[in-house]
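Since the structure comes first, as C-alpha cells, the remarks are kept for the end.
What follows is calculated from the coordinates using simple rules that are stated; it is not laboratory data. The structure presented is a predicted model; accordingly, all values stated were derived computationally and were not measured. Cβ: placed from backbone, ideal geometry, glycine included. Neighbour counts: every protein chain shown.
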Amino acid sequence: MGLMDGKRGVIFGVANDKSIAWGVAQQLRAEGAELAFTFLNESLEKRVRPLAASLDSKIILPCDVGSDEEIQSVFDELEKEWGTIDFVVHAVAFANRDDLKNPFSQTSREGFSLAMDISAYSLVAMTRSAMPLMSKGGSIVTMSYLGAVMAVPGYNVMGVAKAALESSVRYLAAELGEKNIRVNAVSAGPIKTLAASGVGNFKEKLHIMEQRSPMKRTISQEEVGKASLYLLSDLASGVTGEIHYVDAGFNISAE
Ligand code: NAD
C-alpha cells in the first residue's frame, strides 16, 4: 500500500534530473501516484520524455505557464484522459539573468513583470484551471525560498516574486478550503539546479547554509520531494496555506 495509491496529478517544472520537480515526482511515484508531466520547449521535451517514461507516465504535454491558454489546454487534456485529478505540483520560476545580477534598484519594469508573471501569477492561473478537476478535493504545492521574507543578496526580483507567490498561497488556500482543495508551499534551501545557476552568489549560499544552519548542512532534492509528498498526501489532510521550510532549520537561526 502506497500513500498515493489511486491518486493522479500533474507536475510542472521538470527540466532535467536535477530539478526539484523531479525529486518530487520520484517520491510521489514511489508511493503509487500516477503522474502527468509538462515541458516548456522542444529542447526540454527531449529530457522530460525519458524521465517521465521511467516513472510509467503516459501524459507528457507542452506548457509555457506565461499563457493562460496553454495552462488551460493541459487541464482540458487531463480531464479527457482522467476526468478528475488529486494534485498539482507547481515548480516553475523565471527571471532575467540581468535582473538577478544587477542591484535590485535597477530592476527593469519588464523584468519585474516577467518574474511576477512566470513565478507567481502562474500559480493563480494553474489553480483556476485545476479547480474544476478537483471535485473530490485536492492538494496543490508550489516551491518558494527564504528570499520571499528576507532580503537575500543576489535573489533580488525573484524574492519579490516569491513573496507574491507565498501570499497567493494564503489567498488561494483561504478561498478553496471549503472545497477541500489545499494549497501549500515548500520553502527549500539552496539546491544546485538549472534555475539556481542564474541566482547571484549561489555557491556562497550553499556554504553559508553548511556553516550556519542548525543541522550544519545543505538539503537534497529528495528531502524537498519527501516534504512535498507529505503535503500532497492525506497525511497533511488538515494542512493548508502553510509555508513549509525544508532548509535544515536555517530560517530560524541567525548563528
Ligand atoms: P529547474 O531549472 O530545474 O526548474 C525550473 C523550471 O521552471 C524548469 O523546468 C523550467 O522549464 C521551468 N520554467 C521556466 N519558465 C517557464 C515557463 N514560462 N513556462 C513553463 N515552465 C517554465 O530549477 P529548480 O531549482 O528545480 O526550480 C524549481 C522551483 O523551485 C522554482 O520555483 C525555484 O524558484 C524553486 N526553488 C529552487 C531552489 C534552489 O535552490 N534550486 C530553492 C528554493 C526554491
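Numbers for the structure displayed
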{"item": "Centre separation in Å (Cα based) which lies between the range 4-81 and the range 177-255", "result": "21 Å"}
{"item": "5 angstrom amide H check on SER139, placed H, neighbours 5+ away", "result": "PHE87, VAL88, ARG182"}
{"item": "Loop trypsin sites (Lys or Arg not before Pro), the range 28-60, which have at most 16 other Cβ atoms in a 10 Å radius of their Cβ (DSSP)", "result": "LYS58"}
{"item": "Links that overshoot a 19 Å alpha carbon limit, given the list LYS58/LYS179; LYS18/LYS162; LYS18/LYS226", "result": "LYS58/LYS179; LYS18/LYS162"}
{"item": "Environment charge at ASP5 (Cβ cut-off 13 Å; Lys +1, Arg +1, Asp -1, Glu -1)", "result": "-1"}
{"item": "Anisotropy class of the range 135-192 from Cα gyration tensor, a/c 1.5 cut", "result": "prolate"}
{"item": "Global geometry of the range 99-255, whether rounded, prolate or oblate, following the gyration tensor of its Cα atoms and the 1.5 cut on a/c", "result": "oblate"}
{"item": "Net charge, GLY137 excluded, C-beta distance under 15 Å - Lys, Arg +1, Asp, Glu -1", "result": "+1"}
{"item": "Net charge dipole size for the chain [Lys, Arg +1 and Asp, Glu -1 on Cβ; Debye, nearest 20]", "result": "660 debye"}
{"item": "Total formal charge among the other residues, if their Cβ is under 14 angstrom from that of PRO62, Lys/Arg +1 and Asp/Glu -1", "result": "-4"}
{"item": "Cα-based shape type of the range 210-255, given that a ≥ b ≥ c are square roots of the gyration tensor eigenvalues and the cut on a/c is 1.5", "result": "oblate"}
{"item": "Fraction of beta bridges assigned by DSSP in the chain that are antiparallel (%, nearest 5)", "result": "0 percent"}
{"item": "With Cα atoms, 0 to 90° folded angle of helix 42-54 axis to the chain main axis", "result": "60 degrees"}
{"item": "Helix-only [θ]222 nm of the chain, DSSP H runs n ≥ 4, -39500 (n - 2.57) each, per residue, nearest 500", "result": "-12500 deg cm²/dmol"}
{"item": "Descending Cα extents along the principal axes, the range 58-113, whole Å", "result": "47, 18, 17"}
{"item": "Among 65-75, 90-100, the order from most to least packed when residues are scored by Cβ within 10 Å on average", "result": "90-100, 65-75"}
{"item": "Vicinal HN-Hα couplings computed from phi for the range 20-33 (Karplus, 6.51 cos²θ - 1.76 cosθ + 1.60; Hz; Gly/Pro x)", "result": "4, 4, 6, x, 5, 4, 4, 5, 5, 5, 4, 9, x, 6"}
